[in-house]
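Working notes, beginning with the structure itself.
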């Protein structure tokens, strides 16, 4: 008797058709398995699989190409030790960047090194990315960055008067002068009409105030879609690339456990096809795919500098 497969798969094709069984695998029109449905497989044949949902309900057959196993759903990663086996003692004379890398390594080094080995990636590169994207911030609360210009595109454009009362960003009046020529520049907000607008990036308390305000105006899903979350700073709108059904589900997982942030980073990179650039240490190519083209050269320089520092640090860590 074949061993039952307990692996959790997720539907990643929005047109994942349900089919009859072998030998014809005819389409059961118009039946579709909803995107992000989590399921297990009962049997496989000729590129198709018989699936059931996690409650045990039989769904039917679908093409294996419609399904993905996310890193977060694989026990060898979800149960791996977060802390590394190697020591990482910091020295007072070390610069702030290296001190930050030590802190990241102590917390996440175990699972980062496991994934780096299995995916043929440099641990130093992963440490560097974590420091650059997370800005060196750490603590119990989830690191966030709320993006005003994305909130404008997703909600503000249809509610311009209300948006302009509380949020500002570069290229939208009145912020069109020097230094505000890009939409990702000059982000400001205020909690009350008539109050002064404030810059808030770099201050997590203000970031949370901006996110809460946006949630009150547009709903939590819309607001979180426009927020970069966690150490890897992945936008909530990319939740499906990480195997989450919604931005709120991704936010909850990231806030609960840094492991979810680490595994989410690897799923994002895999879905976006970024591993080849990371293996080659092609920082500019990686930055374009990960952060977008607007600030890619700046991010690439920061990543390379952090990588060199991380290489030096890992060379000093003893077993």
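The values are calculated or read from the model by the stated rules, or taken from the named source; none is laboratory data. These figures come from a predicted structure and were not determined experimentally. Note that each Cβ is placed from the backbone with ideal geometry, even for glycine, and that neighbours are counted across all protein chains shown.
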Is there any pair linking a residue in the stretch 20-43 that is at positive phi and at pLDDT 90 or above to one that is loosely packed, with under 14 Cβ neighbours inside 10 Å and assigned to a loop (DSSP other than H, G, I, E, B), with Cβ under 9 Å and at least six apart or on different chains, and which?
25/46; 25/47
Could you list, in sequence order, the residues of the stretch 291-303 that are touching a residue at least 40 places away in the same chain (Cβ under 8 Å) and assigned to a helix (DSSP H, G or I)?
299, 302, 303
Matching entry among 139, 170 (being surrounded by fewer than 23 Cβ atoms within 10 Å (Cβ to Cβ), assigned to a loop (DSSP other than H, G, I, E, B) and at pLDDT 95 or above)
170
Kindly indicate which of 91, 87 is surrounded by fewer than 16 Cβ atoms within 10 Å (Cβ to Cβ), free of Cβ contacts under 8 Å to residues at least 24 places away in the same chain and part of a loop (DSSP other than H, G, I, E, B).
91
On the given criteria, is residue 52 out of contact with any strand residue (DSSP E or B) (no Cβ under 8 Å at 6 or more places or on another chain), farther than 30 Å from residue 313 by Cβ, surrounded by 11 or more Cβ atoms within 10 Å (Cβ to Cβ) and modelled with pLDDT of 90 or more?
no
Residues in the stretch 61-71: is at least one within 22 Å of the chain's Cα centre (by Cα), in a strand (DSSP E or B) and modelled with pLDDT of 90 or more?
yes
Subset of the stretch 34-60, residues in a loop (DSSP other than H, G, I, E, B) and closer than 16 Å to residue 18 by Cα, comes to 34, 35, 36, 37, 46, 47, 57
Within the stretch 177-205, track down each residue that is closer than 30 Å to residue 241 by Cα, surrounded by 15 or more Cβ atoms within 10 Å (Cβ to Cβ) and over 20 Å from the mean Cα position of the chain (by Cα).
183, 185, 186, 187, 188, 189, 200
Got at least one residue in the stretch 3-13 being loosely packed, with under 13 Cβ neighbours inside 10 Å and farther than 21 Å from residue 74 by Cβ?
no
Residue that is in contact with a strand residue (DSSP E or B) (Cβ under 9 Å, 6 or more places away or on another chain), assigned to a helix (DSSP H, G or I) and surrounded by fewer than 21 Cβ atoms within 10 Å (Cβ to Cβ), where the choices are 261, 271
271
Which condition number in (1) within 23 Å of residue 239 (Cα to Cα); (2) at pLDDT below 90; (3) surrounded by 15 or more Cβ atoms within 10 Å (Cβ to Cβ) is the one that residue 116 fails?
(2)
Of these, 44, 19, which one is out of contact with any helix residue (DSSP H, G or I) (no Cβ under 6 Å at 6 or more places or on another chain), surrounded by fewer than 17 Cβ atoms within 10 Å (Cβ to Cβ) and farther than 22 Å from residue 241 by Cα?
44
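Residue-wise test of (1) surrounded by fewer than 23 Cβ atoms within 10 Å (Cβ to Cβ); (2) touching a residue at least 40 places away in the same chain (Cβ under 8 Å); (3) touching a strand residue (DSSP E or B) at 6+ places or on another chain (Cβ under 7 Å).
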| position | (1), (2), (3) |
| --- | --- |
| 238 | yes, no, no |
| 247 | no, no, no |
| 309 | yes, yes, no |
| 315 | yes, no, no |
Extreme residue, nearest to residue 295 (Cα to Cα), among residues of the stretch 193-202 that are assigned to a loop (DSSP other than H, G, I, E, B) and modelled with pLDDT of 95 or more
201
So how many residues does the stretch 206-230 have that are surrounded by fewer than 18 Cβ atoms within 10 Å (Cβ to Cβ) and out of contact with any helix residue (DSSP H, G or I) (no Cβ under 9 Å at 6 or more places or on another chain)?
4
